[in-house]
1. Test of understanding: among Tyr379, Tyr391, which residue is away from the ligand (no atom under 15 Å from the Cβ), modelled with pLDDT of 95 or more and surrounded by fewer than 24 Cβ atoms within 10 Å (Cβ to Cβ)?
2. So if I check each of Asn546, Asn459, Asn472, which one is within 14 Å of the ligand (Cβ to nearest atom), among the polar types (S, T, N, Q) and either closer than 22 Å to Ala656 by Cβ or over 14 Å from the mean Cα position of the chain (by Cα) (or both)?
3. Got at least one residue in the stretch 359-366 being among the acidic types (Asp, Glu) and touching a Ser or Thr at 6+ places or on another chain (Cβ under 9 Å)?
4. Can you name the number of the only condition in (1) surrounded by 18 or more Cβ atoms within 10 Å (Cβ to Cβ); (2) more than 16 Å from Ala854 (Cα to Cα) that Ser800 fails?
5. Tell me, yes or no, whether the stretch 574-597 has at least one residue that is closer than 24 Å to Ser717 by Cβ and among the small types (Gly, Ala, Ser).
6. Hey, Asn271 hits all of (1) more than 20 Å from Met463 (Cα to Cα); (2) touching a residue at least 12 places away in the same chain (Cβ under 8 Å) but one; which does it fall short on?
7. For residues that are farther than 28 Å from Leu275 by Cα and buried (at least 22 other Cβ atoms within 10 Å of the Cβ), scanning just the stretch 186-200, find the one that is farthest from the chain's Cα centre (by Cα).
8. Kindly list the number of the only condition in (1) in a helix (DSSP H, G or I); (2) surrounded by fewer than 20 Cβ atoms within 10 Å (Cβ to Cβ); (3) of a type in the set (Ser, Thr, Tyr) that fails for Ser534.
Amino acid sequence: MIENSMFEEEPDIVDLAKDSTAYPTFPSLDPDEVVYEPRSSRLLVRGLGENDVDDDEEDCESSARLLGMSFMNRSSAQRSNSSPYARQAPPRSCSPPSARTTVVCVLFLVIVASMTMVLYFLPGCTFTKKGCPKPENKTSNGTDDELFPWAEFRLPRSISPLSYDLTLSPDFNNMAFTGHTVINMSVLHNTKRIVLHSANLNITKATFKLGDGDASEVNILEYKPRQQIAVKFSEELKAGQNCVLTLDYTADLSHTYSGFYNSSYTDEDGNKRVLAATQFEPLYARMAFPCFDEPLFKATFKVKINRKPEYMTLSNMPKVKTTLLPNGFMQDEFAKTNVKMSTYLLAFIVGNFTSTSKNISDIVVSVYSVPEKRDHTDYALDTASKLLEFYNDFFEIKYPLQKLDLVGIPDFLAGAMENWGLITFRETTLLVGRQSSPMEKQVVASVIAHELAHQWFGNLVTMSWWSDLWLNEGFATYMQYMSLQKVLPQLDIGNLFLAMRFRAMDKDALNSSHAVSTEVNTAEQVEEMFDSVSYEKGASILLMLNASLPGDQQFRKGIIQYLKQFSGLNTDTGDLWNSLTEVEVPNQHPNVSEMMGSWTYQKGFPLVTVSRKGDQVTLTQEHFLLKSDDTSHSSSMWTVPVTYMNDSCSLSPECAQLFTLSTKSGTFKVPESVKWLKLNYKNTGFYIVDYGDDGWGALRDALSNNVKVLTQEDRASLIHNIFSLSKLGRVSFRQVLSLLNYMPNETETSPVREALLQLNNIYHLLYKRYEQGLVTRMKLYILKQFGALMENQTWTKEESVSKQELRSALLETACYLGEEKCTQQAKTLFKQYVDSNGTTQIPGDLQQVVFSVAARSIDDWGTLLNMYRYATYDSEKQKILQGLASTQDTGSIIWLLSAGLHGNVIPTQELPLVISTVCRSFPGNLFAWDFIQENWNQLIEKFPVGSFAIQRIIKSATSQFSTQSHLNQVQSFLSSLKERGSQLRSVQEALDTIRLNQRWMERNLPSFHKWL
Ligand SMILES: [Zn+2]
């Protein structure tokens, strides 16, 4: 949470932390050494900041404000509310100040400032009121009149933690916990303070011990806006010394999904069960224990948890001991971590879980669930075991812990979290029932593959700072697809990976996008890094790199070298490229660092235009930027590994030739007999291609004659590219439609799904503008193009994932458009299902379409809601919920939104899903948008500002608007949010998207009437 008033009241401090021009990068030196620059207001702030300000001085605050001076911890009213160490605020004797008081105060401040300057230049002095160094040994709690000794978002690097010893006692009766944390630290640079993180912890006692000395109590100062605490010393701690800080505290278990949070579920006997789990990434370990909560500060951890005998506990390491405590509680003690790790990877859980286990290369792999779902853990156990073996081999580094637990948590916001040795999941991403479809298994296997890859990428080698989050997430995403293609080829993960790359391009084409590796200076910016650029673009550029390197082992060699070289350490993007460059084949041009720098340090991607004269082909690149206004201009250039093939050889990898385009334009030759060229073999490159009128025409003709002249990935890539070019205004909608003329002959999953998705998007835009005539024509067009294929789909059990993906996309569209045969079939299946009391199964990939059709009738909606209440199998439950949320009945929509917010019938973790589904319908979108505006404060209490959930909520509510009045509304609401969200990138993205929709409509509506 951000305290608004602190932003308003302390601009100097906030600016120092936020303003990147004032402080372009995090200083590499310990800011100890740069803090006292005798410059401008910074000196005043720091000079006064180091003084103890007494009551008289506080009374003069308002006068000081008249002078534009700023006190750091000055607002006593605020502090008494916000700090557990606040003393009573003194009576405000000079507010408003009389003229006399003002004069006196001004004089006083001038004197203080002058004295401060004098003291500052006295060697060896600190800014105590007494003037010269004095041992500071207060035993009372910190008070607010001491000023916080640190003014940056990131911690100083003068102190580094070595180990944490942590004892926690959760109390489920009061939903609170007490904690005892011992931090061993080493002094890296001389310093007079220790600054670390703490959020919402009520510290009751703090002691400090230097070297072999005695421990003594110390003051703790707190600065809530940055969730930092500090201990100040009158004498310097010297580089090379070790010291120990011990903190006792109490806190409430968090009621959000972050920190050490409480969660509950209803067991099969209808009893409410409580549990507590952790989610620390990115900034929430500090809610469970005071710590240096940045990925760079790796340390070892030893955890002890006190619990009632009826619960069990889990943590990253195996349990080594359980002791009965005098109060009847049990204390579980876990082994000290044998690896150094970042705070965000620590985890512990208290609850009732049962497990199934397997031993894989001396590592115990276990899958935990609540007892009634134990039968659903087999698939995950088997998959995790296979993948663990694969990664052990692939990385040539063995998983370093003795055990690996995968736990399904009933109440969990993210998909899963890679805590080292204790991976936590949503139940839907871990548990697989006996009746589940291969598509559901695909989800579970993907998430497990992703989280397991993190045990190396992220846990063993960690990004130094959140600006390079992609090193974790891009890699884990890439490895998830790559490993599944090798380990579980039957899951056909390729279609999903291709679609993911298309969506990553769609987002990266917007002006609101950002570089893969990008500066991060606030908590919200940290949250916002968890987006499609870090994950999906990150994975896409790794695929592109791998595909463009000669031989299939060079990429692997490079990443093994990187993992070995930086094992246990932190890295930035340059380290990865350097490792990959080092294993390069000599004299290869361009080198990896040169090429990949252009993809990670600037946003967006190139549009490559092809023109051909006889045997000469010219490629030109420019930034593919969807501009919502004419002012944005980009001169970005990339080193593009362009692949191309032609009509004589176009299907096998050997057909693809490589041309590196590293300047604005480049040429190569092809035989004059070549009829057509297709660039970007299987769309492994992250760029879009415009073939020009002739090039598009030749490809269109080739596909009309025979769809098999290109791979299905290449056909999907043509469809994606031509729709993108139409958004850019490069091709007319008529050209789009004329490429799609070949669709009745198309039967493969990727091209069909891509075409349907693009056409559905346009359908939704027309529908939301109430263009009824065009909506009908669009519907007829879709049914004409895909009708035969829709007709051919079966409604019975299907084993091939690819066929499931194809038929679910086709039937969802058909039923959504009200195609008669589809809705009849869906109704019949639903009736059989209800009549049989759930014993007749609906194939998993068809559940959503069946439930969505059922939700159209008020009676069946009620039946569905009942089914939802009692469903135990989570994947099915989620599809029922999507069915419920697809209703157009306004009463039901309002009920769903409000139930999702309150979390009783519908868990709040599902609210983003409810909102995005509701928004598909016309009334749903309008209600959801109202709901978001009305309940914004509650939403950001549940989901942090900038988090993925908030990004998703904003996007789904606004991305289908295309009128000026909606743009005005959205703009006015989002900008009114100020520090509650108006600065978010997703806000910019929402506005960009509406403007682009508006432009696209203006440009294309007239031609729709003509061409559809
Ligand atoms: Zn991840």
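The values are calculated or read from the model by the stated rules, or taken from the named source; none is laboratory data. Remember, it's a predicted structure, so these values are computed and weren't measured experimentally. Positions of Cβ are generated from backbone atoms using ideal geometry, with glycine treated the same way; all protein chains shown enter the neighbour counts. Surface accessibility is based on the protein's heavy atoms, side chains included, excluding ligands, DNA and RNA. Shrake-Rupley method; radii C 1.70, N 1.55, O 1.52, S 1.80 Å.
1. When all the criteria are applied, what remains is Tyr379.
2. Asn459
3. Looking for residues that are among the acidic types (Asp, Glu) and touching a Ser or Thr at 6+ places or on another chain (Cβ under 9 Å), one finds none in the stretch 359-366, hence no.
4. Every listed condition holds for Ser800 apart from (1).
5. No, that holds for no residue.
6. (2)
7. Thr191
8. (2)
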